[in-house]
1. If you go through segment 116-131 one residue at a time, do you hit one that is buried (at least 22 other Cβ atoms within 10 Å of the Cβ), of a type in the set (Val, Ile, Thr) and touching a Ser or Thr at 6+ places or on another chain (Cβ under 8 Å)?
2. Please count how many residues of segment 149-186 are within 13 Å of the ligand (Cβ to nearest atom), out of contact with any Pro (no Cβ under 8 Å at 6 or more places or on another chain) and of a type in the set (Val, Ile, Thr).
3. For segment 81-95, which residues satisfy the criterion of being within 19 Å of the chain's Cα centre (by Cα) and more than 16 Å from the ligand (Cβ to nearest atom)?
4. Which pairs have Cβ atoms under 8 Å, sit 6 or more apart or on different chains, and link a residue in segment 50-61 that is under 15 Å from Glu72 (Cα atoms) and more than 12 Å from the ligand (Cβ to nearest atom) to one that is at pLDDT 95 or above and β-branched (Val, Ile, Thr)?
5. Could you please let me know if His26 is crowded, with 20+ Cβ neighbours inside 10 Å, more than 16 Å from the ligand (Cβ to nearest atom), more than 18 Å from Lys83 (Cα to Cα) and modelled with pLDDT of 95 or more?
6. For segment 202-236: of the residues being under 27 Å from Lys49 (Cβ atoms) and among the hydroxyl-bearing types (Ser, Thr, Tyr), which is nearest to the ligand (Cβ to nearest atom)?
7. For residues in segment 138-148 being touching a residue at least 60 places away in the same chain (Cβ under 8 Å) and surrounded by 19 or more Cβ atoms within 10 Å (Cβ to Cβ), which is nearest to Ala185 (Cα to Cα)?
Amino acid sequence: MSSELLIYLDGEFVKKSEAKISVFDHGVLYGDGVFEGIRAYNGRVFRLKEHIDRIFAAAKTIFLDIPLSKEELTEVVVETCRKNQLKDAYIRLVVTRGVGDLGLNPNNCKKATVFCIASTISLYPEEMYEKGMPIVTASQRRNKATIVDPQVKSLNYLNNILAKIEANRAGVSEALMLNHDGVVAECTGDNIFIVKEGVIYTPPTYIGILDGITRLSVMELAKKAGYEVYEKEFTLFNVYNADECFLTGTAAEVIAVTEVDGRVIGDGKSGPITKVLRQLFHDYAQNHGTPIYE
Ligand code: PXG
């Protein structure tokens, strides 16, 4: 096998060094497209149906025709892992409007571009999972749901990138974003949860957040474990005064937040409920998902 990664690109598997798309692709020219970040654990693609459903929903919202069926796109993801002999992987699935010309009009894009990359993941350092991490609130707000709904995982991530730059400049790994009304929304690539007096809260999707797949898994696991979980609006006051705070996302899984804007959360350590949920999620992800090799 070639040591180079094999990338799925429009129906073929090509070497990473040869996986190129046109400068006339509207994904590049206008950020016109949608994507997914997916994980595989222990030979299984985690929550693949949910990721495929989410990218189709996002594509429908932006009038983008994915030239494959859900079953075919599912197979693309699994086959990309197989071709690269991966058991644990970070997968990026992208569908753009395709090659057009120098004009906004998507009518000139005859066929969507589809590519899938399966590679290994670089995680936050283990120490950060044990200790938790500090974050800051970004001045950059999450998109309003009346513009491009944040539920559309589109190739326009500029406001999240600007928030991430604010995190970088503050010397922390993530930034918290508020919605237009100042309500706590989510981080640049993670959903947020707080815990107060044993009860778990996370913002509802209608305030303008991505309907995170890890978020949903964690809510289900928490309820099954007997915790009360509510989707409820809250403000920075509630975050600063929470007993625990944690983030969920495909890349980060479940990670504790121990400081927000200089305010120590709880006792400044990864909290007990956060630890339980991190473990429950970890165990669940190891044993659930679409098998790659059967
Ligand atoms: N909110 C936003 C804005 C996201 O982009 C999440 C929450 C978590 O959703 P899931 O479904 O993953 O639980 C995301 C997804 C990265 C990276 O490399 C992460 C995402 C997107 C792109 C890149 O860290 N997160």
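1. no
2. 2
3. Cys81
4. Listed by first residue and then by second, the contacts come to Ile52/Thr74; Ile52/Val77; Phe56/Ile66.
5. Yes, satisfied.
6. Thr214
7. The selected residue is Arg142.
Residue-by-condition table, conditions (1) modelled with pLDDT of 95 or more; (2) within 14 Å of the chain's Cα centre (by Cα); (3) of a type in the set (Gly, Ala, Ser); (4) not assigned by TED's automatic domain parsing to the domain that holds Val264:
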site	(1), (2), (3), (4)
Arg141	yes, no, no, no
Thr146	no, no, no, no
Asp149	no, no, no, no
Asn168	yes, no, no, no
Val184	yes, no, no, no
Thr188	yes, yes, no, no
Tyr227	yes, no, no, no
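The values are calculated or read from the model by the stated rules, or taken from the named source; none is laboratory data. Computed from a prediction, not measured in an experiment: that's the story for all the values here. Backbone-built Cβ (ideal geometry, glycine too); neighbour counts: all protein chains shown.
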